[in-house]
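Student: Starting off with a structure, shown below.
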Amino acid sequence: ASCMVRSYLDNGGFDPEELAKSFVLWAKTGPRDIGATTVRGIGSLALGRPWFESGLEEFTTRPASATNGSLMRNGVVPGMTDDLGEASRISLYQGIMTHYGPLPVLCCAMQTYLIWKLLGGSNVLEESWAMDFWTSWLEWYENMKDDEIVDSWSTFVTELYPQAYKALSEVEFDPDRYNPLVYSPTNGAGNVLTTLKTAIWGLYWSMTDRKFQAPVGWPEEVFEKRGPWVLGWVALAGGDTSAYCATAGPMIAAAHGSLPDEMIEHLEVFDEFSDLWPQPASKSKKKNSS
């Protein structure tokens, strides 16, 4: 995600070729952790494969794989443009570099839609947001068939796309029926759908004052804090905690304008951002507020 922000600022906008170079350079610095799918996608980039095909080999080898690496970094996308359609395009472009499969792409698109609406002031979870997302996505998808990258992706995933569409469209994002503190993930902790469900669960509870019944044995003090502090609930979910929080964090921040200083003041990446963008972000502009 920091590569995406740095590349955006250095190039005056989203440039997938330059972003691909940034991913390769980042991987060479020896990061503490890179997911296996992301490693293989960046490895293809390092070997000179075009960015729009770097995730294709992984997809053809493991077509059913639906891990969450592209979703983890996707939260910065809505701040890169003033147009939802363009945000959807960027979301797909950045995602297929490593996670070419249709389910990761659709999950990224849904997160992009939610953050976009939240930045615009919508209390998304009080609306028929899932139906609205699908209406928006299907219209965008149909209009993007003239885009060579989108058209090529659509061709390669055509057999699995209906299955991915069905899997995501049938999810009940009901915070009372899904509680990651109680129910172990059935699709694996690193699954992209599990990650998105957990993040939306946290987003919902951050936006409501409804009473939450904490599981027996959990620290009550954590659940007494509401609003953006609910990100702490997500951190207790276990499983692929870093992915869950990386996905929920931008959504919760968009809903509340920011995260508490105590949560973010020790993030190492902030030192880098202060050099790249030394002026305080303006909440009046979508680009800055994300």
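Student: Taking the Cα-to-Cβ direction at THR241 and at LEU181 and moving 7 Å from each Cα, how far apart do the two end points lie in nm?
Tutor: 1.4
Student: Oh, and also: So what are the ³J(HN,Hα) numbers for region 253-267, from phi and the Karplus equation (6.51, -1.76, 1.60; θ = phi - 60°), rounded to whole Hz, Gly and Pro as x?
Tutor: 5, 5, 6, 10, x, 5, 9, x, 3, 4, 7, 10, 5, 9, 5
Student: Tabulate in residue order the Karplus-calculated ³J(HN,Hα) for region 12-17, using 6.51 cos²θ - 1.76 cosθ + 1.60 with θ = phi - 60°, rounded to whole Hz; enter x for Gly and Pro.
Tutor: Once θ is set to phi - 60°, the couplings for region 12-17 become x, x, 7, 10, x, 5 Hz.
Student: In terms of the Cα gyration tensor, with a ≥ b ≥ c the square roots of its eigenvalues, is region 9-117 rounded because a/c is under 1.5, prolate because a/b exceeds b/c, or oblate?
Tutor: The shape class here is oblate.
Student: At 222 nm, what value in deg cm²/dmol follows for the chain if DSSP H runs of at least 4 each add -39500 (n - 2.57) and the sum is divided by all its residues, to the nearest 500?
Tutor: -16500 deg cm²/dmol
Student: How much length, in nm to one decimal, is gained on full extension between ASP10 and SER258, taken as 0.36 nm per residue of separation minus their Cα-Cα distance?
Tutor: Additional length available on full extension: 86.9 nm.
Student: Further, regarding this structure: Select from MET251, MET110, MET263 the residue whose mean-square fluctuation is largest in a Gaussian network model of the chain (Cα-Cα springs shorter than 10 Å).
Tutor: Of the options given, MET263 has the highest mean-square fluctuation.
Student: Which length gain, in nm to one decimal place, applies between THR208 and THR29 when the Cα-Cα distance is subtracted from 0.36 nm times their residue separation?
Tutor: Here the answer is 60.3 nm.
Student: If you don't mind, another one. Can you list residues from other chains, or at least 5 along the same chain, whose modelled amide H is less than 5 Å from the amide H of TYR100?
Tutor: PHE59
Student: Moving on. HN-Hα J couplings of region 26-42 from phi, Karplus 6.51/-1.76/1.60, θ = phi - 60°, integer Hz, Gly and Pro as x?
Tutor: Whole-Hz 3J(HN,Hα) from phi for region 26-42: 4, 4, 6, 7, x, x, 5, 7, 9, x, 4, 5, 5, 4, 5, x, 5.
Student: Any chance you could run the full-extension gain for ASP82 through ARG226? It's 0.36 nm times the residue separation minus the Cα-Cα distance, nm to one decimal.
Tutor: Value of the extension gain: 48.8 nm.
Student: Still on this model: Using a 7 Å offset from the Cα along the Cα-to-Cβ direction at both GLU265 and LEU47, what is the distance between the two label points in nm, to one decimal?
Tutor: Inter-label distance under the simple model: 4.8 nm.
Computed from the coordinates by the stated procedures, all read-outs in this text should not be read as laboratory data. These numbers come from a predicted model, not from an experiment. In this analysis, Cβ positions are derived from the backbone assuming ideal geometry, glycine residues included, and neighbour counts consider all displayed protein chains.
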